[in-house]
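A short write-up of the structure that comes next.
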Amino acid sequence: MSKVKPAVVPLHQLQPGPPAADCFALLTEKTAGTTQAGKPYFNCKFRDLKRTVSTMIWADSDSFAECEDEWQPGEFFKIRCIFSVSEKYGPQITIANIRAVREDDKADGFVEGDFYERSRFDSEAMFEELTELADAEIVDGPLKAMTLGLLTEHAVALKRLPATAGRFYPFPGGWLEHVLSVTKSCLILVDRYRLIYPELTPPLNRDIVVAASMLHDIGRVAEYTVSDVPGVPVEPTTEGRLFGHLALARDLIRLEAVKHAELDRELLMLLEHVVFVHLELPAWGSPKLPAVPEALILHHADDLDAKLEMYVRCLMNDRADGDFTDADAVLRKPLWKGRKA
């Protein structure tokens, strides 16, 4: 009598305990280690869009040689496993069988896009919109040229970058989605406050607010290394670990400014300052306190956009029972999801 093949269940729907179930998963990390007895092992992490699990591949495992020689982060696998949740280590799987995904797995429901977050919007279209805004809204010619120069030089990375590694917009295209949203908010705010405070001398510098909104996170291109493999998290660079994206943004702006000798030096210094201090608070990583009002516009537009995205993602992804979400790891609180209004 033939055995019944387990049904394919999404990784995030696996329930603890036997029997074993089949699922598809993306390998995102493979870390080599050595036991106290000197035997090698691999700690592997697999995920779908809503759950990440880990498993240990020990030296005496049937899968060890294949894991060591063939498994690569960014590859998809069909896995027969038993799911469990460790109080110390979190979600785990014990693998019974594993193989690379094949073309015929699509008949069982395998869809590559189900395994990693990505922006809801097309990166090419967002980049085009951002550069069109720079061209249309920045009046000062050299400042416009410098801003467009930086965006164009790093276009390939910017289209793939998340806004952050794990806090807000932490997915490919997230950098563009965040920066485009912040820029649009800044345009509304700077125009409103220029009308409210016409007596301010000099007036709020609209060009600086727009250029800084577009370049406030440009340092991420030097802070992170982006994998060519979808779904593999970004990794911090050495420079990113040592200096962070604010200092790296100032470096990139200064390097680009050298190409634009006609750019007004005070205007450049103003741009550098607004980008450098836009986090505003030392506790958030700002190296200096803002000394110009333009920095406040960028700070609050940036902070609002980041926090609202985190709230929305928490509410949309939560699977907890009841009227409140689980306490979000980044927000450090639960949100009310049971409201009807």
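The values are calculated or read from the model by the stated rules, or taken from the named source; none is laboratory data. What you see is a predicted model, and the numbers here were worked out from it, not measured in a lab. Every residue, glycine among them, receives a Cβ derived from its backbone with ideal geometry; neighbour counts consider all protein chains shown.
Structure notes:
- Matching residues, region 1-47, being surrounded by 14 or more Cβ atoms within 10 Å (Cβ to Cβ), charged (D, E, K, R) and closer than 18 Å to Asn97 by Cα: Asp22, Lys30, Lys45, Arg47
- Any hit, region 68-81, residues being at positive phi, surrounded by fewer than 17 Cβ atoms within 10 Å (Cβ to Cβ) and touching a residue at least 24 places away in the same chain (Cβ under 8 Å): yes
- Residue match in region 178-196 (condition: touching an Asp or Glu at 6+ places or on another chain (Cβ under 6 Å), farther than 12 Å from Arg118 by Cβ and aromatic (Phe, Trp, Tyr)): no
- Listing of helices (runs of 4 or more DSSP H) fully contained in region 177-284 that carry 3 or more residues being of a type outside the set (A, V, I, L, M, F, W, C): 206-215, 238-257, 265-276
- Some residue of region 301-318 being farther than 27 Å from Ser185 by Cα and either under 19 Å from the mean Cα position of the chain (by Cα) or not assigned by TED's automatic domain parsing to the domain that holds Met214 (or both): yes
- Conditions (1) more than 21 Å from Leu49 (Cα to Cα); (2) touching a Cys at 6+ places or on another chain (Cβ under 8 Å): number failed by Glu294: (2)
- Every test in (1) of a type in the set (Gly, Ala, Ser); (2) over 24 Å from Ala295 (Cα atoms); (3) crowded, with 21+ Cβ neighbours inside 10 Å is passed by Ala157 save one, and that test is (3).
- When Asp62 is tested against (1) within 31 Å of the chain's Cα centre (by Cα); (2) at pLDDT below 90; (3) not hydrophobic (A, V, I, L, M, F, W, C), just one condition goes unmet, and that condition is (1).
- For the criterion of being assigned by TED's automatic domain parsing to the domain that holds Lys144 and free of Cβ contacts under 8 Å to residues at least 40 places away in the same chain, Leu242 passes.
Yes/no per residue for (1) within 24 Å of Cys186 (Cα to Cα); (2) surrounded by 15 or more Cβ atoms within 10 Å (Cβ to Cβ); (3) of a type outside the set (A, V, I, L, M):
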position	(1), (2), (3)
Asp228	no, no, yes
Glu235	no, no, yes
Glu239	no, yes, yes
Ala247	yes, yes, no
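- You will find that of Thr55, Thr31, Thr35, the residue that is in contact with a Cys (Cβ under 7 Å, 6 or more places away or on another chain) and polar (S, T, N, Q) is Thr55 and no other.
- Check on Thr183, over 14 Å from the mean Cα position of the chain (by Cα), modelled with pLDDT of 95 or more and more than 27 Å from Leu270 (Cα to Cα): no
- Matching entry among Leu289, Leu281, Leu267, Leu263 (being at pLDDT below 95, farther than 19 Å from Asp217 by Cβ, in the same structural domain as Asp140 (by TED's automatic domain parsing) and not polar (S, T, N, Q)): Leu289
- Taken as a whole, the condition of being outside the structural domain of Arg254 (by TED's automatic domain parsing) and either part of a helix (DSSP H, G or I) or not aromatic (Phe, Trp, Tyr) (or both) does not apply to Lys144.
- Number of residues in region 214-262 that are of a type in the set (Lys, Arg) and within 30 Å of Glu75 (Cβ to Cβ): the value is 2.
- Filtering region 318-341 to residues that are surrounded by 14 or more Cβ atoms within 10 Å (Cβ to Cβ) and out of contact with any helix residue (DSSP H, G or I) (no Cβ under 9 Å at 6 or more places or on another chain) leaves Asp318, Phe324.
- Scanning region 118-154 for residues that are exposed (fewer than 14 other Cβ atoms within 10 Å of the Cβ) and of a type in the set (Ser, Thr, Tyr) turns up just one, Thr152.
- Residue list for region 302-317, restricted to those being modelled with pLDDT of 90 or more and either of a type in the set (A, V, I, L, M) or exposed (fewer than 10 other Cβ atoms within 10 Å of the Cβ) (or both): Leu304, Ala306, Leu308, Met310, Val312, Leu315
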